[in-house]
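J.: Before anything else, here's the structure in question.
No lab work stands behind these numbers, since they all come straight from the coordinates. Note that the structure is a prediction, hence the values are computed from the model and not measured. Cβ atoms come from the backbone with ideal geometry, glycine included; neighbour counts cover every protein chain shown.
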Amino acid sequence: MSIALTIGSYVIVLFSLIPLIRSDHWTFRVFEYPRSQKFVLTLLLIVLWAFWGETSQPLTWITLGVLGLNLIYLFYQLFPYTFLARKQLLSQRETNPDRSLSLLISNVYQYNRVSEKLLRLIDRMEPDIVLLAETDQWWAEQMRPLHESYPHRVLKPIDNTYGMLLYSRLKLTDASVKFLVEEDIPSIHAKVWLRSDEPIQLYCLHPTPPVPQENPRSTERDKEILMVGREAKQSDIPVIVAGDMNDVAWSYTTDLFLKTSGLLDPRRGRGFYSTFHAKIPFLRFPLDHVFCSSDFKLLQLQRLPSIESDHFPMFIKLAYNPKAEQEQEQNELEASSEEKELITEKINADTESDGESQPSKNPLGT
């Protein structure tokens, strides 16, 4: 037991420290995902050492000290996403319906063939905007009942698990499907017009994850996320960035994105809202994100029930409030000079198949 505890303890510490190596290779980046799981396992190991450790042995106390430091380190990284931390995006109860919008995002899992649950969920939640990822032509056909209620659409079904469908009750202009980094990985860019006739810039993303069967490195994912972050920073109208970004909330890429864009994360101070894997409770990570500029306040944030996908859908309702910038905490994350160099390096990184940033032909769905 002592040998097993020792090996397990130092393995979990090693797994906690590996993400500090800033390599883009998946063997390093994948260890960023299970941070809450590593916290639970570290705590469990401390309890096991307390029951079975030989207190007369120096190794026991050394290992307990190392595990204690690891627990503190992991908690420090997770703390911003607990209810103990300050909320980065303030809540608001009363709202002007003309200045609010709701968004439902869902990675449907392309090979999931149970579309009725999603349609019923959309009907129940009645979001202003629906964003669906991993949608092939079959999913586009199954979602045709939405066309009557959602007259504004940008549809890009693809059978490579990176198709994307956007439905909106609100008017869309300047809508386009772009391939920012990889030629077969789309993103949707559009202006959404509130009922008050005020525009919001919307970016919808679903980059590839750093896993062997998808992409052996995070370079393409990081580049796309940071490119959109830089564009969001330069926007002269309010911004929302949403989608399955195949990255966890506490990763250093997400941290760089927040520093690049100046956007706010509504989960900070509220919880993890882990959306993947829906069918494996212990292996859940917050991969589906919605970020917004500081001229919004939060009305509602909810992880929705399963639709038989490997992701849970997310629902958010935001209130546009130009005075919110002065009322709530601003994004205080500032990039250091080294981080600014890293951001520039990642945005300018060569990729194996850089896509065209030009909009695709006929992006608006019919």
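J.: Which whole-Hz couplings ³J(HN,Hα) result when phi for each residue of the range 97-108 is put into the Karplus expression 6.51 cos²θ - 1.76 cosθ + 1.60, θ = phi - 60°, listed in order with x for Gly and Pro?
T.: So the Karplus estimates, Gly and Pro as x, are x, 6, 10, 10, 8, 10, 9, 10, 10, 8, 7, 7 Hz.
J.: Just flag the GluC sites (Glu not before Pro) in the range 48-125 sitting in loop per DSSP whose Cβ has no more than 12 other Cβ atoms within 10 Å.
T.: Listed in order of number, the matching sites are 54, 94.
J.: For residue 119 and residue 75, calculate 0.36 nm times their separation in residues minus their Cα-Cα distance, and state this gained length in nm to one decimal.
T.: The residue 119-residue 75 span can extend by a further 12.0 nm.
J.: Please compute the length gained on full extension between residue 27 and residue 280, using 0.36 nm multiplied by the number of residues separating them and subtracting their Cα-Cα distance.
T.: 88.9 nm
J.: Would any residue of the range 7-28 have its amide N under 12 Å from a label point 7 Å out along Cα→Cβ of residue 52? List them or say none.
T.: Only 7-9 pass the distance filter.
J.: At residue 43 and residue 211, where each label point lies 7 Å from the Cα along Cα→Cβ, what is the point-to-point distance in nanometres?
T.: If labels sit at residue 43 and residue 211, their model points lie 2.6 nm apart.
J.: Give the aspartates and glutamates reachable from residue 279 as a straight Cα distance under 16 Å; neighbours fewer than 8 places away on the same chain don't count.
T.: Cross-link targets: 288, 308, 310.
J.: Let me ask you something else. Grab the beta carbon distance between residue 255 and residue 161, set R0 = 25 Å, and tell me the FRET efficiency rounded to 0.05.
T.: After rounding to 0.05, the efficiency reads 0.40.
J.: Whole-Hz ³J(HN,Hα) for each residue in the range 215-230, computed from phi via Karplus 6.51 cos²θ - 1.76 cosθ + 1.60 with θ = phi - 60°, x for glycine and proline: what do you get?
T.: My calculation for the range 215-230 gives 7, x, 9, 9, 3, 5, 4, 4, 4, 5, 4, 6, 4, 5, x, 5 Hz in order.
J.: Can you classify the range 66-159 as rounded, prolate or oblate using the Cα gyration tensor, where a ≥ b ≥ c are the square roots of its eigenvalues, rounded means a/c under 1.5, and otherwise it's prolate if a/b beats b/c and oblate if not?
T.: Oblate.
J.: Now for a different question. May I ask you to evaluate 6.51 cos²θ - 1.76 cosθ + 1.60, the Karplus curve with θ = phi - 60°, for each residue of the range 8-23 and list the ³J(HN,Hα) values in order in whole Hz, giving x for glycine and proline?
T.: x, 5, 7, 5, 5, 5, 4, 4, 6, 8, 3, x, 5, 7, 7, 7
J.: Report the normalised scattering of the chain as log10 I(q)/I(0) at q = 0.10 Å⁻¹, calculated by the Debye formula with identical scatterers on the alpha carbons.
T.: -0.64
J.: Filter 191/223; 117/233; 38/346 down to the pairs with a C-alpha to C-alpha distance above 26 Å, please.
T.: From the list (191/223; 117/233; 38/346), the Cα-Cα distance tops 26 Å for 117/233; 38/346.
J.: Then there's this: Could you tell me the extents of the range 124-264's C-alpha atoms along the three principal axes, largest first, rounded to whole Å?
T.: Taking max minus min along each principal axis of the Cα atoms, the range 124-264 gives 41, 37, 27 Å.
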